[in-house]
Amino acid sequence: MNRKLTLASLVLSLIVATLPAHARFVQPAPCKNAFTPDREIAEGKKSAVEVYKTMPVLPDSSPVTQYVQQLGAKLVEYAPGYKWPYSFHVVNQADINAFALPGGPIFVNLGTIQAAETEAQLAGVMAHEISHVVMRHATCNITKQEGQAPWWALGQLAAGVLLPGAGGALAAQGVGAAAGMTFLKMGRDAERQADLMGTDIAYDAGYDPRGMVQFFEIIQGKYGNGGSQFLSDHPNPGNRTEYVNAEIETLPPRPHWVKTTPEFTKIKKIVSGMHAYSAKEISSGAWKRSGAVASPPASAQPVNFQPSGQWTPLDGSGFYVQYPDNWQAAEKAGAGATIAPPNGVAATASNGNTVIYGVIIDDFQPQQGADLAAATQQLIASIQQGNAGLKAVTGVDDVRVNQRDGKSVEFLNQGASAGGLTERDWLVTVSRDDGSLSYLFFVAPQKDFEALRPTFEQILRTFRVKS
């Protein structure tokens with residue numbers, strides 16, 4: 001036997017053995033898109049506010065909403081690519097549907113939860129919508145529209161023109177059917193991509209990846225092709241069952257899939273007794289008269305951060321400062337406070353109250369014997385420990401704050417806080433007589449930081465440490 005041939009065969013065998021045994025859906029190249037991620041997030045948040053105005057969204061306190069949010073959080077851990085600020089909401093509507101707005105807000109109709117037979121099916125639907133966000137299908141569609149500027153298109157969405165299930169002729173035509181505005185009504189290529197990526201996300205989260213296509217088959221069996229708004233808004237690209245099953249074949253087999261859970265069973269009992277509004281009832285405003293009107297979460301509310309021009313004092317236990325009188329201050333025990341414009345502080349399930357606009361004032365006790373520079377570095381390390389995305393974009397510079405030595409440094413934090421936008425932060429530390437630090441941490445989305453800088457600088461000029 002030829003020794004060279006034998007050696008070559010062995011090398012080839014080793015190479016083949018190291019290749020992955022399975023392939024999976026590969027995300028297509030990014031489409032042409034006129035939106036930056038920050039702008040996409042901001043416009044999606046504005047649109048989410050309009051959904052709350054025109055549709056009966058269940059409050060975050062609802063056990064149904066909390067369940068959907070927990071399921072969504074589990075799924076987005078496995079969403080590839082950019083870390084969009086996903087949020088999950090339940091629309092109290094009987095029609096079976098779900099839709100994703102640009103930048104992360106995802107809405108699931110109550111009728112969809114009522115129709116799902118297993119948690120894997122509901123997870124598949126939600127993973128499908130998450131995939132639309134990942135691949136930016138909505139803003140890609142807007143960018144492709146000829147003769148319409150992106151801000152015009154989203155402005156029409158914000159006006160409520162396209163909201164699915166809003167009633168009347170628009171609801172019958174599906175998402176985005178009016179005025180040629182089709183960016184929420186996905187084409188078959190986008191649907192196929194979301195099917196395949198959604199299958200992979202559900203698989204990675206441990207769910208039976210057949211759940212999504214099972215749900216589509218349930219709806220198709222009940223309504224026929226295109227007979228429901230869900231199928232109208234999520235058209236079958238053709239051979240959906242076949243290509244999803246082919247995708248599942250590329251995934252490593254698992255001995256056990258999650259098909260359903262006790263939590264899903266509990267929620268199914270709750271939703272089975274709930275009245276979901278029809279499109280006609282929503283169009284008539286009957287849901288508003290019932291008093292069941294949820295407010296948008298603070299993170300979705302527009303923030304008017306412009307100062308009034310009048311300033312008010314905050315005389316704290318360890319400091320004194322002035323701030324715009326149309327902002328709000330909450331003093332904490334010790335030497336701290338949070339000062340923010342209305343809606344500048346958002347409540348999040350994972351982080352509690354999170355500042356998205358404003359300033360945090362607090363104190364910090366460094367290791368014994370540390371000078372101002374070392375103490376500031378210790379504080380920075382402590383802050384970064386809980387904010388892995390926080391990266392300094394300036395040096396640590398010397399400053400004077402009302403005759404006291406201080407240090408100043410600025411950061412960027414991608415996708416930070418409940419606002420979900422790239423955040424710019426400014427840390428100023430001030431020495432205290434006992435060796436500790438007082439510090440001010442100014443926060444705003446990067447896009448608004450320079451507009452707020454004069455206000456932040458004026459707050460800093462008024463800041464005084466009490467001995």
What is the spin-label model distance, in nm, from N304 to K83 if the labels are put 7 Å beyond Cα along the C-beta direction?
3.3 nm
Any lysines with Cα under 29 Å of the K46 Cα? List them, leaving off those in the same chain fewer than 8 positions away.
K32, K74, K83, K144, K185, K280, K288, K391, K447
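Going highest first, how would you order 48-61, 208-221 by mean Cβ packing within 10 Å? Walk me through the numbers before you get to the answer.
Working: 48-61: 18.9, 208-221: 20.6.
Order by mean packing, descending: 208-221, 48-61.
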In sequence order, calculated HN-Hα J values of region 239-249 (Karplus, 6.51, -1.76, 1.60; Hz; x Gly/Pro)
6, 4, 4, 5, 6, 5, 5, 5, 5, 4, 5
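Which of rounded, prolate or oblate describes region 77-124 when judged by the alpha-carbon gyration tensor and an a/c cut-off of 1.5?
Numbers: a/c = 3.21, a/b = 1.55, b/c = 2.07.
Oblate.
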Give me the net charge for the shell around P209: Cβ to Cβ below 10 angstrom, other residues only, Lys and Arg +1, Asp and Glu -1.
-2
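Considering only protein heavy atoms and a probe of 1.4 Å, how much of the accessible area of region 366-450 is carbon and sulfur, as a whole percent? Spell out each step's value before the answer.
Numbers: 1620 of 3850 Å².
It is 42 percent, rounded to a whole number.
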Along region 389-395, what does the Karplus equation 6.51 cos²θ - 1.76 cosθ + 1.60 (θ = phi - 60°) give for ³J(HN,Hα), rounded to whole Hz, x for Gly and Pro?
x, 7, 10, 5, 10, 9, x
In terms of modelled amide H atoms, which long-range or inter-chain residues lie less than 5 Å from the amide H of F319?
K466
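Can you give the FRET efficiency to the nearest 0.05 for K32 and R464, using r as the Cβ-Cβ distance and R₀ = 45 Å? Don't jump to the answer; show the numbers that get you there.
On the way: r = 53 Å, r/R0 = 1.18.
Calculated value: 0.25.
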Listed by chain and number, the residues whose amide H is under 5 Å from that of E423, excluding neighbours fewer than 5 places away on the same chain and using placed H, are N413, Q414, G415, A416, Q446
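Report the calculated FRET efficiency for A330 and D405 (r = Cβ-Cβ distance, R0 = 22 Å), to the nearest 0.05. Spell out each step's value before the answer.
On the way: r = 28 Å, r/R0 = 1.28.
With a Förster radius of 22 Å, E is 0.20.
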Give me the number: length gained by fully extending E249 to K222, i.e. 0.36 nm times residue separation minus the C-alpha to C-alpha distance, one decimal in nm.
7.0 nm
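Let's test the formula: R0 of 45 Å, r as the Cβ-Cβ distance of E457 and W257. What FRET efficiency results, to the nearest 0.05? Please list the in-between numbers first.
On the way: r = 57 Å, r/R0 = 1.26.
Rounded to the nearest 0.05, the efficiency is 0.20.
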To the nearest Å, what is the center-to-center distance of region 396-467 and region 45-65, using C-alpha atoms only?
34 Å
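The values are calculated or read from the model by the stated rules, or taken from the named source; none is laboratory data. Given the structure is predicted, the values throughout are model-derived calculations rather than measurements. With ideal geometry, Cβ positions are generated from the backbone for all residues, glycine too; neighbour counts draw on all protein chains shown. Just so you know, the surface numbers come from the protein's heavy atoms only, side chains and all, with ligands and any DNA or RNA stripped out. Shrake-Rupley method; radii C 1.70, N 1.55, O 1.52, S 1.80 Å.
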